[in-house]
Amino acid sequence: EIYSLHVDCKVTSRFAHTVITSRIVNRANESREATFEVELPKTAFITNFTMSIDGEVYPGIIKEKAAAQNEYDTAVSQGQSAGLVKITDRKLEQFHVSVSIAAASKVKFELTYEELLKRQLGKYELLIKVRPQQLVKHFQIDVHIFEPQGICFLEADSTFMTNELTEALTKVQNETKAHILFKPTVEQQKKNSELDETLLNGDFVVRYDVKREATAGDIQIVNGYFVHYFAPQEMPVFPKNVIFVIDRSGSMAGRKIDQTMDALLKILQDLRPEDHFNFITFNNKVVEWKNSLLPATEENVASAAALVQTLTARGGTDISGALLAAVGVLEKAQGLPERSVSMIILLTDGQPTSGERNVEVIQENVQKAIDGKYALFCLGFGFDVSYKFLEKMALSNGGIARRIYENADAALQLQGFYQEVATPILMQIEMKYPENSIEGLTKNNFKLFFEGSEIIVSGKISTELDLLPVEIKAQSHTSDLTLKEEANVKEKEQVFQNQRYIFGNFIERLWAYLTIQQLLEKAISAQEEDQEVLEAQALDLSLRHSFVTPLTSMVVTKPSDQQQKELANKPTEAG
C-alpha cells in the first residue's frame, strides 16, 4: 500500500529539479513485492535514486556504462533481467523497480531527475505523469517556479481533472515566483464513493512563459557560471521555400497515409502567401508534383490539397532519389524572395528499399548536395524506420529529426512539428562573448531561429569580470542586426542569493546538462575518431555531475537476500 506519494518540483530559470518520493507499507503478514513505477520526461536525466527499507539506505551509484554492466554481469551470472528504464511513449520513459519487503515493513523510494525546459510555440511545459494505480492517503504535487525575468503567463491543468479535483488545486503567484499545489484527499481521488478506484491517471501539466524586456536577451549568473536566454519577439517572418517529401510506399497504407493526408491538408492552410512550396511523393518511383516551386496562392494551395487527397500507398522506398530530387528543385528555383529560408521536410516510415540502399552513401550524397544551403527535417513515422539514419541526416544538414508515434494523434504530431518550424524570424545567429574570459562555452552559432522557441547559451566566467558584455549578430527578413548588452556580474549574482528555491549551483548543472546534450548530438553526425573524443567529454561531465545519460548507468543495489543489483540506463530514441 502506498501511503504517501510526493512530487516536489523546483524550476529555477527554466531548469527543473524534480524529486518523487513514494512511501509504501506492507500490511500483509508475509513478505510482499513493493513496486516503484514512475514515468519521467525523455528529455530529463536521472541524477539520484535511493531505497530505504526500515531505515536501511540502498543508494543508486552512477558509473560508466561498461563498468556498471561488468559489475552487473558478475552479480547476475545466471539470467539477465531487463533494465529498469524503458521508453513508454513519445514524451516519456518509465523507471520501474521492485523490492521484496517483510511483513509490516516500510520502504521509501526516492527518485531525482533534472531537465532544462525547452520553449516551444511560446511556452515552457513541465510534464508530470500521475499514475499511482491506487488511492493514496497523502498525495501531493508541489511545483515551485522562480523566474527572475518575471512570469507573464501560467496555467496548470491535467487530463483527469474533475470539478472535485479542481478544488484540490491551488495556484499562488507574484511577479517572479509561483507555487502550484495539488493535494487531493482520498475522497477526491475516488472515481465514485462506492469503489476504491482512483481518478488520478494521466498528465499533470504546468505551462508558463516569462517576460522579455531586453532586446539582447537575458543573462543570469550563479557561482561564476552564466546562462544567456535569447527569444526575440514581434519580428517579421522570413518567407519559406518548403519541399514536402512524402513516402507513399506500401507500408504507409491504411491509417498512416490517412493521417499524413489530414496533417498535410491543415499544413497547406498554414502556408503564408509569400511562401513557396512543392511536393515530392515517392515509393520506388519519385514523382515531383510540379517541376518548380509555386507561390502559396489560394489556387495553388487548393490544387495541392486535391493532389494530397489522391495519395495512395504501394511499392518500395527510394529515400535517396526523393531527397536528391528535392535538392534539385531548390537548386534550379528562380524568382524566390531574396531573403528567404529554404527547407526540405521528409516524412518516411521505412528503410530505403529502392534506389540507393546504403544509408552511409545516402547520407554522404545528401549532405554533399545540400552543401549547407538548406535545412533538412526528417520525420520518422513509427518503429520500422532507422531513426539513427534519419537523425544523422537531419543533424548533418541543419535540421532536426522527430519520431512520429503511431497513435490516434499522429496527424496532430505532424502539424505540431510543422508549426514549430513554420515561422523562421532570424538566420545566421552568432552569440559573442569576451573570448579570453569565458571557457566551456556551449553552442553559440545557430542557423535558424523560429518564433516561439528560445536560444540558450551557457558557459563559465574564467576571469574576474565586473561586466559581461554580449553581442548578437543575426539576419532578419528586413536587415542585418547587431544587438549588444552588458550584464553586471555582481548584481546578477545577487538575484539568486536569497532564494530558498535554489538547489546549489543550478546554472553549473544547467551548463553541464546542455553541454552533455550538445556533445551527444554532435557525436551523432561526427567522424568516428571525433565521436570518441566527444563521448569521452560527455562521459566525464555525466560522472562529475552524476547524470544518467546514454553513456552512464546507475547501479541499484538491493538487500542481500534478493537479486542484488539492477541497472538503470538512459534509453535513446534511436534505441
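The values are calculated or read from the model by the stated rules, or taken from the named source; none is laboratory data. Bear in mind that the values here come from a model prediction, so they are computed numbers and not experimental data. Counting neighbours? That spans all protein chains shown, and the Cβs are built from the backbone with ideal geometry, glycine included. For accessibility, only protein heavy atoms count, side chains too; no ligands or nucleic acids. Shrake-Rupley method; radii C 1.70, N 1.55, O 1.52, S 1.80 Å.
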Phi-derived 3J(HN,Hα) across region 345-358 with the Karplus relation (6.51, -1.76, 1.60, θ = phi - 60°), rounded Hz, x for Gly and Pro, is 10, 9, 10, 9, 10, x, 8, x, 10, 10, x, 5, 10, 7
In terms of the charge dipole of the chain, which places +1 on Lys and Arg and -1 on Asp and Glu at the beta carbon, the residue among A474, L126, H138 farthest towards the positive end is H138
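Under the rule of -39500 (n - 2.57) per DSSP H run of 4 or more residues, summed and divided by the residues of the chain, what mean residue ellipticity at 222 nm is obtained, to the nearest 500 deg cm²/dmol? Walk me through the intermediate numbers first.
Details: 12 runs with 136 residues, N = 575.
Mean residue ellipticity at 222 nm (helix-derived): -7000 deg cm²/dmol.
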5 angstrom amide H check on S354, placed H, neighbours 5+ away: T317, D318, I319
Residue farthest toward the positive end of the dipole of the chain, with Cβ of Lys/Arg at +1 and Asp/Glu at -1: which of A574, L195, Q233? L195
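Classify region 382-541 from the C-alpha gyration tensor, please: rounded if a/c falls under 1.5, else prolate or oblate depending on whether a/b exceeds b/c. Kindly include the intermediate steps, with their values, before the conclusion.
Details: a/c = 1.74, a/b = 1.47, b/c = 1.18.
Since a/c reaches 1.5 and a/b is larger than b/c, the shape of region 382-541 is classed as prolate.
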Cβ-Cβ FRET estimate between D196 and N407, R0 fixed at 22 Å, reported to 0.05: 0.15
For region 422-429, Karplus-derived ³J(HN,Hα) couplings (6.51, -1.76, 1.60; θ = phi - 60°; whole Hz; x for glycine and proline) come out as 6, 10, x, 10, 9, 9, 6, 8
GluC sites (Glu not before Pro) within region 16-49, DSSP loop, no more than 12 other Cβ atoms inside 10 Å: E30
Order R212, R314, R255, R90 by their accessible area, 1.4 angstrom probe, all chains in place, largest first. R314, R255, R90, R212
On C-alpha positions alone, give me the angle between the axis of helix 528-544 and the longest principal axis of the chain, in degrees, nearest 10. 30 degrees
At 0.36 nm per residue, minus the direct Cα-Cα distance, what do A333 and N163 gain on full extension? Give it in nm, one decimal, please. 55.5 nm
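Over the chain, what is the relative contact order in whole percent, taking alpha-carbon pairs under 8 Å and six or more residues apart?
Details: 1255 pairs, mean separation 98.5, N = 575.
Reported as a whole number, the value is 17 percent.
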Residues of region 215-234 with backbone N under 16 Å of the label point set 7 Å from the Cα of E486 along Cα→Cβ are 216, 219
Over the Cα atoms of region 278-393, how large are the radius of gyration and the largest Cα-Cα distance (Dmax), in Å? 14.5, 40
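Suppose every K and R has +1 on its Cβ and every D and E has -1 on its Cβ; what is the size of the dipole of the chain about the Cα centre, in Debye to the nearest 20? Write out the running numbers ahead of the final one.
Numbers: 60 positive and 79 negative charges, 86 e Å.
Dipole size: approximately 420 debye.
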Sequence order, region 292-302: Karplus ³J(HN,Hα) from phi using 6.51 cos²θ - 1.76 cosθ + 1.60, θ = phi - 60°, Hz rounded, Gly and Pro as x, gives 8, 6, 10, x, 7, 6, 4, 5, 4, 5, 5
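Between their Cα atoms, which of K123/K256; K171/K191; K91/K171 are more than 27 Å away from each other?
Numbers: K123/K256 29 Å; K171/K191 24 Å; K91/K171 25 Å.
Too far apart for the 27 Å limit: K123/K256.
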Ordered by packing density, taken as the mean number of other Cβ atoms within 10 Å over each peptide's residues, highest first, how do 330-337, 380-387 rank? 380-387, 330-337
So, with +1 on the Cβ of K and R and -1 on the Cβ of D and E, and no other charges, what is the size of the charge dipole of region 192-290 about its Cα centre, to the nearest 20 debye? 640 debye
The chain, accessible surface, carbon-and-sulfur percent (1.4 angstrom probe): 46 percent
Could you state the accessible area per residue of region 240-422 in Å², with a 1.4 Å probe and every protein chain left in place? 40 Å²
Long-range amide H partners of V245 with built H, under 5 Å: I280, I345, L346, L347
For the residue pair D73 and S4, what label-to-label distance in nm results when each label sits 7 Å from Cα along the Cα-to-beta-carbon direction? 4.2 nm
Projected label distance in nm at K432 and T463, using a 7 Å step from Cα toward the beta-carbon: 1.7 nm
Nearest-20 debye value, region 240-422 charge dipole, Cβ charges on Lys, Arg, Asp, Glu: 200 debye
Spacing of the two label points (7 Å from each Cα toward its C-beta) at F153 and N358, in nm: 5.0 nm
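What whole-number volume per residue, in cubic angstrom, does the convex hull of the C-alpha atoms of the chain give?
Working: hull volume 102.5 nm³, N = 575.
Hull volume normalised by residue count: 178 Å³.
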Degrees between helix 65-75 axis and first principal axis of the chain (Cα, 0 to 90, nearest 10): 40 degrees
Would you mind pulling out the separation of the Cα centroids of region 235-295 and region 335-376, in Å? 14 Å
Compactness ratio of region 80-228: Cα Rg over 2.2 N^0.38 Å, N = residue count? 1.29
Contour minus Cα-Cα span, D258 to Q531, at 0.36 nm per residue, comes to 94.3 nm
Projecting the Cα atoms of Q269, I246, A216 onto the charge dipole of region 160-291, where Lys and Arg contribute +1 and Asp and Glu -1 at Cβ, the residue farthest towards the positive end is I246
